[in-house]
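The values are calculated or read from the model by the stated rules, or taken from the named source; none is laboratory data. For clarity, every value in this text was computed on a predicted model and none was experimentally measured. Note that each Cβ is placed from the backbone with ideal geometry, even for glycine, and that neighbours are counted across all protein chains shown.
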């Protein structure tokens, strides 16, 4: 596969997901892109780099703590000194490509991952400091994506990440939006059959009530909702 052929197929995949309103998750995007480089004879180096430039943001594993890269994202798999995704292949040119994607795409699920990858991985990969505007893009995209079809566990994960980003950049206005989103999502999910994540409001928001500037009334509301589950 040549670079030109890879670029055409990558564009088709990204365009498809950018217009897709089905409840796909980030790893679906990674797998579709990875299929371009699997079992392909004659895949040249430039084509390989082009593919992973779009695959990697969706292939990253999300670590609650102890990421080998020191942030939120990290490799999905490791074997000795080899990891996948490979941090050594992420450079300024790849991050420049992510910036272009984060400014041209429409679907918040795509926007969030490109922007979050820029914010979280840039310093580790290149020693450059990322522009906080990409943290803000990621926050807004994660919150907007809550309105799209998705499994409850993924909605909670994305909202949780939005709160982490808000706390990392200290945006008071977005703290208020995140708080509202937590209560709204709990309302949405509390009667969902088989939902095993009913305590996320307490586990996340109440645990960080001081940092998130929760009012006494909001704290009481969380406790009241918690008691309703028992």
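See the values below:
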| read-out | value |
| --- | --- |
| Output for the range 8-30, where each listed residue is surrounded by fewer than 14 Cβ atoms within 10 Å (Cβ to Cβ) and either in contact with a helix residue (DSSP H, G or I) (Cβ under 6 Å, 6 or more places away or on another chain) or not in a loop (DSSP other than H, G, I, E, B) (or both) | 8, 11, 12, 15, 16 |
| Flag if residue 45 is at pLDDT 95 or above and more than 17 Å from the chain's Cα centre (by Cα) | no |
| Scope the range 12-65; condition in contact with a strand residue (DSSP E or B) (Cβ under 9 Å, 6 or more places away or on another chain) and farther than 16 Å from residue 98 by Cβ; matching residues | 61, 62, 63 |
| Residue count for the range 66-112, restricted to those that are in contact with a strand residue (DSSP E or B) (Cβ under 8 Å, 6 or more places away or on another chain) and closer than 20 Å to residue 161 by Cα | 7 |
| Residue list for the range 31-65, filter: assigned to a loop (DSSP other than H, G, I, E, B) and surrounded by fewer than 17 Cβ atoms within 10 Å (Cβ to Cβ) | 35, 37, 38, 39, 40, 41, 42, 44, 63, 64, 65 |
| Index of the failed condition, residue 68 passing every other in (1) surrounded by fewer than 17 Cβ atoms within 10 Å (Cβ to Cβ); (2) more than 14 Å from the chain's Cα centre (by Cα); (3) closer than 21 Å to residue 134 by Cα | (3) |
